[in-house]
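Every number here is computed from the coordinates shown, using simple stated rules; none is lab data. This is a predicted model, so every value here is computed, not measured. In this analysis, Cβ positions are derived from the backbone assuming ideal geometry, glycine residues included, and neighbour counts consider all displayed protein chains.
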Amino acid sequence: MDFGFRISPSSAVNLDNVDLEKFEELHRIEPDVYKCMACGSCSATCPAARFSGMSLRKVILALQRGKEKEALAMMKNCMLCGKCTMVCPRGINTRHLILSICRIYKEETK
Amino acid sequence: MKENIVIIGGGIAGLEAAAQLLDLGYKPIIIEKNDHLGGHVADWNKLFPDMTPANDVVSSLVARAADANIFLNTEISFVNRLNDSYNIMLSNGISIITRIILLATGFSLFDASRKEEYGYGVYDQVITNKDLEHWFNTGDDPRIGDCAMNAVGFVHCVGSRDEKARNSQCSKVCCITAVKQAIELKQMFPESMVYCFYMDLRMFGKKFEDFYISAQRDYGIRFIRGRVSEVSENIDGRVIVKAEDTLSGKPVKVTLDLLVLMAGMVCSPDSTKVANMTSLPLDSDGFLKSRDNIADIIDSPREGIFYAGACTGPKTVPETLAEARAASLKIHLYIKGLEK
Amino acid sequence: MRERFLTGYNDFVLPFVCGMLFVIIYCLAGMIRIIMQLPVQDRKKFFLSLITPKTLIKDIKDIFLKCLIHVDLWKRNKLLGYMHSSIAFGWFMLIVVGHIEVILYTSNLGAKALYYPIFFRYFVAETESTMRGSLIFFLMDFFLLVVLSGIVLAIIKRVRSRLFGMRRTTNPSFLDLVGLYSLWSIFPLRLLAESFTADISGGSFLTKSLNYVFTEFLSNHANMLPAWWAYSCALGIFFFVLPFTRYMHIPTEILLIPLRNAGIRIVNARKGLAKAQVYACPSCGVCIDACPMGVQKGNIKDTTVYLNRQIKRNNETRIEEISDKCLLCGKCTAVCPVGVEGDKLRIAQRSIRKYSYSPDYSNIDVAAEINACNNFVSGDNNNVSSIENKKVLYFAGCMTALTPAIRKTTVSILSKAGISYSMMDKDGGICCGRPIFMAGRFDQAKQLVEKNTEIIMNSGADILLLTCPICYKIFREKYTLPGIEIIHHTEFIERLISSGRIKISKDTTRYVFHDPCELGRGCGVYEQPRKVLASAGNLVEAAKNRQESICCGGSLGSLTLGFDKRRAMTENALANLVSDDPDRIVTACPLCLDTFARYSDRPVEDISQVIDRVSVPADKKRNDN
């Protein structure tokens, strides 16, 4: 039944409902993913940020919050250039992390 | 009392310890490689949180320690381990036999040019926290003040919390130093816009938080949570800083007249050198290893060797002074134990 | 000459004949398979190369020099070279002379042709009293001695490989050992067998003497047949195991050389040329010592020789591990005596990986980028700007953005030289595509290449200047930019100096040049940077340089090596560079600069920093003249 209005879907993240199976798989391959301290160096230096809003920091966070679609949309223009690997103060192997995300996560078909 | 006590390092830790030991009736020997006492604090202008002039602190310490045997411009050539004592050979040819060594070798400031992406040494308008204090002291630096000071940036954690810089620990005092320097600059150039680029703000000490609040409310200093990743230069010599404003999730770019890098604390090469001579171990953070990091921070694993100050890790001035006092008491008790 | 047996047959020839037929059929089938696996274009190219006299002559020359003489191994180590060529060339000559002998002395061979050349002495007694006869006897014994000396060296090498210039050798598999021992036993057994017949069928200094010395044992003809059986069995076993051991490299290399000379590249990760390379690997282990990862013992099993072994075994897990770990420095390719391209082989393995998500760059609008780079400014040296007005487009690349010293000094040099230049990626550009290409994602790399091509072609530039060898390599290999010269800054600075557009004041600083992998082995640029540095100061060389230069350890090539795992490699590379105690280490790659600077005990600089420091704009007066 449609009353002409509906309650807008909440933008809050309900951690109870987040399916983290894929993230756990990612974490198994890339234990360093938890080393991120969200300093934003990778995002600031990223050449793809200008085009698809790529921010590896946000991708990691979004995947942990179950927002896969958002994360993958950002990754669209990642060129795997390796600048993020060079600037990461925690020494995370970001290139392999990105490749692993590309292997584990799948874009929903439109 | 005839017991020789050798204090390596004439910074605030060495001076305070010497002063205390003099009061206890000993005649300690201070070995300092520079031509003046006071170490890093002597290069500083004012100290947080009460804006105490650094010079006051240093000169009162120097006065109190004046009766010690002080060797300036002197380095340690080598140390021989004898039966129950050490033979220390100095670069000026004097050798000292002692049963007690106090290491007060302090820290080194991280060499900011090693973070190449920040362009220290490449761009004229990029300086370090030490350069800024030097300018506060002397007013002598062509990079500051000659140009318009419309916008100034501070980069926290340069060479701290950074595995790429081979220094993964927090340097503890840079956050508050940046806030202090930002306020001082703002007082001098009230029209300028001052930004602090930080990863996390660690305002742990007495009245630090008040300082931070004042910087925000009274001075309008802008805090941006994001680590600077790249610095470039535009045609008129100003620097362009790129970071991510992680709170808004958007990349930010800002053009600055001056960029100050908050170089962190790393273990001084002199500490490492002396540690090698006396076969003292290094801890996993690169600083000297204490017998125990909670109970015995001023005890080295070797008999008769004690630590005071930043040679065991980044410390504030009051912490260093407190350690120096503790170390002198420990030495006093140790000597009493030897005499029994 | 007389036939000793009317039938000209004895059962002992069977092991050998079966083995030989097996190996010939196996190799022929394998060869046809590999050729059929080539893409149509490549196959055409291959056949064409076989009927082109020039390539055909090159093929034959290469096969002779590489497969028989092993010239590459001679260059590496004389003893290693002698060991290989004595066995290969000696055995080859035994076969050739054996055949000549058979042709000279027998007729109506029929099926006997299969084994007569091998067991000739058993079946035929020949005269040694003629010049011709004794010469052949002598030659056969001589080459047998040559081979035996090689076998002795091979045995010594297994125990003391350092004598042969090899620190580490490969761990042989079980079948390799079977092959190895059967190969070793073939020639002593042959000597023994022929010594039995030396008093009947004739012999020369080796076999005859042996026969005289051990006359008691060797004249007892009851022992004769077992010796010939043993000889034949050794041959048979060797041939039967050959396809499953490293000795498969012998026939495969004969195919690989013409394939390579035909200019064929690896397309499929496991088929065609890749397969030929994998099977051409002799497991010699030269790549183990060459590998920069070898400083850590745990990485030894990740060298190219083990990659080839795992590909043969289809061990997918290990193949992935080995291919992803590699720094792609290309040193194993440079030193490989048979020409296995360890780096390209690994990129090919990466390219067959399955991804469920792929980047796509079609949304990137290049119009703004074109606008930004079409902004040429002229350098401030008006004295020379009249000489040549080629417009230089400077693409600093992603890595150079993090080493601003390179960008600043390069621009300063351009300015001093009065060159009209524009920055292509002042505000961040599009990646050249090499990093993602190295990860095996070719489609994505191609898209990036297309985007950048569009920008560059519309920029109005005549020269594309690069300060990063990683970019330089892909620009040279995968970009087509008609009318635009692609140049690395080492080459460009050399040109500026030699044409007098900048003037250098030489001092006594001792410089050592580190050849970046992608610039040296990747693009073959070795001389220009050295010339430039020699004009600025005293050039000293690293212990291992040019082709043999050691990767800094910072390479983007490795996908899995973490930051902390690379330190030992960097320190090892640094130790190599400072062997002649230079004052400054100079490189020409932003990534090498960043990596070395972290651990070096002395200043590390880019070549542009050195030249910017010591150069001044060319003299006005000189140009007025």
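Computed 3J(HN,Hα) for the range C:41-47, one whole-Hz value per residue from the Karplus formula 6.51 cos²θ - 1.76 cosθ + 1.60 where θ = phi - 60°, is 4, 5, 5, 4, 4, 5, 5, glycine and proline marked x. Peptides B:203-209, B:12-18, C:197-203, C:496-502, ordered by how many other C-beta atoms sit within 10 Å of their residues on average, highest first, read B:12-18, C:197-203, C:496-502, B:203-209. Its Cα gyration tensor gives the range A:19-109 an equivalent ellipsoid. The semi-axes, each the square root of 5 times an eigenvalue, are 18, 16, 11 Å from largest down.
Which of the chymotrypsin sites (Phe, Trp or Tyr not before Pro) across the range C:532-625 are loop residues per DSSP, with 13 or fewer other Cβ within 10 Å?
Passing both the DSSP loop test and the Cβ count: no residue.
Here's the list of aspartates and glutamates a cross-link from C:LYS325 could span, going by alpha-carbon distance under 19 Å and ignoring same-chain residues fewer than 8 apart: A:GLU30, A:ASP32, C:ASP289, C:ASP302, C:GLU316, C:GLU341, C:ASP343, C:GLU518, C:ASP564, C:GLU571. Across the range A:34-50, coupling constants 3J(HN,Hα) worked out from phi with the 6.51/-1.76/1.60 Karplus curve, θ = phi - 60°, read 7, 6, 4, 10, 6, 7, x, 4, 4, 5, 5, 8, 5, x, 7, 4, 5 Hz, and Gly and Pro carry x.
Span-like helix criteria (full DSSP H runs; alpha carbon extent of at least 20 Å along the helix axis; mean Kyte-Doolittle hydropathy of at least 0.0) are satisfied in chain B by B:174-188, B:317-339. 3J(HN,Hα) along the range C:414-423, derived from phi through the Karplus expression 6.51 cos²θ - 1.76 cosθ + 1.60 where θ = phi - 60°, amounts to 4, 5, 4, 7, x, 8, 7, 9, 9, 8 Hz, with x in place of Gly and Pro.
Stokes-Einstein diffusion of the range C:268-351 at 25 °C, 0.890 mPa s viscosity, Kirkwood radius from Cα pairs, rounded to a whole number: 200 µm²/s.
Using just its DSSP H runs of length 4 or more, each adding -39500 (n - 2.57), chain C gives a mean residue ellipticity at 222 nm of -17000 deg cm²/dmol after division by all residues. Take each residue of peptide A:92-99, count the partner chain Cβ atoms within 10 Å of its Cβ, and average: the result is 5.
Overall dimensions of chain C, expressed as equivalent-ellipsoid semi-axes from the Cα gyration tensor (√(5λ), whole Å, largest first), are 59, 26, 22. Packing here is the average count of other Cβ atoms within 10 Å per residue, and on that basis the peptides C:79-90, B:187-198, highest first, run C:79-90, B:187-198. Relative to the longest principal axis of the Cα atoms of chain C, helix C:174-201 runs at roughly 40 degrees. Computed from the alpha carbon positions, the gyration tensor of the range C:497-617 leads to an equivalent ellipsoid with semi-axes of 25, 15, 13 Å, biggest first.
Overall size of chain B from C-alpha positions, given as principal axis extents largest first: 68, 36, 36 Å. Shielding value for A:31-43 is 6, the average number of Cβ atoms from other chains within 10 Å of each residue's Cβ.
Angle, helix C:249-261 long axis vs. longest principal axis of chain C, Cα atoms, 0 to 90°, nearest 10? That helix lies at roughly 40 degrees to the long axis.
For chain C, the longest principal axis of the Cα atoms and the long axis of helix C:78-105 meet at an angle of about 40 degrees.
Under a 5 Å amide H cut-off, with hydrogens placed 1.01 Å from N, B:SER160 pairs with B:GLY264 among residues at least 5 apart or on other chains.
Straight-line cross-link reach from B:LYS2 at under 27 Å between alpha-carbon atoms covers these lysines, not counting any fewer than eight positions away in the same chain: B:LYS27, B:LYS33, B:LYS330, B:LYS336, B:LYS340. Distances longer than 26 Å among the Cα atoms of the range B:112-264: what percent of all pairs is that? Summing the P(r) tail past 26 Å for the range B:112-264 gives 18 percent. Near C:LEU539, the amide H atoms lying under 5 Å from its own belong to C:TYR511; only residues 5 or more places off or on other chains count, and H is placed 1.01 Å from N. Taking 4.7 Å between C-beta atoms as the pairing limit, chain A has these partnerless cysteines: A:CYS36, A:CYS39, A:CYS46, A:CYS78, A:CYS88, A:CYS102.
Distances between placed amide hydrogens fall under 5 Å for B:MET193 paired with B:ALA151, B:VAL152, all partners being 5 or more residues away or on another chain. Among residues other than C:THR400 with Cβ under 12 Å from its Cβ, the summed charge is -2 (Lys and Arg +1, Asp and Glu -1).
For the protein assembly as shown, compute Rg over Rh where Rg is the Cα radius of gyration and Rh is the Kirkwood radius from the inverse mean 1/r over Cα pairs.
Details: Rg = 36.7 Å, Rh = 34.2 Å.
My calculation of the ratio gives 1.07.
Counting only residues at least eight positions apart within a chain, or on another chain, the lysines with an alpha carbon under 21 Å from that of C:LYS390 are C:LYS408, C:LYS416, C:LYS426, C:LYS503, C:LYS620. Among the residues of B:115-125, the average count of other protein chain beta-carbon atoms within 10 Å of the residue beta-carbon is 4. Short-range pairs are left out: with C-alpha atoms under 8 Å and at least six residues apart, the relative contact order of the range C:366-495 is 31 percent. Peptides C:51-57, C:109-115, ordered by how many other C-beta atoms sit within 10 Å of their residues on average, highest first, read C:109-115, C:51-57.
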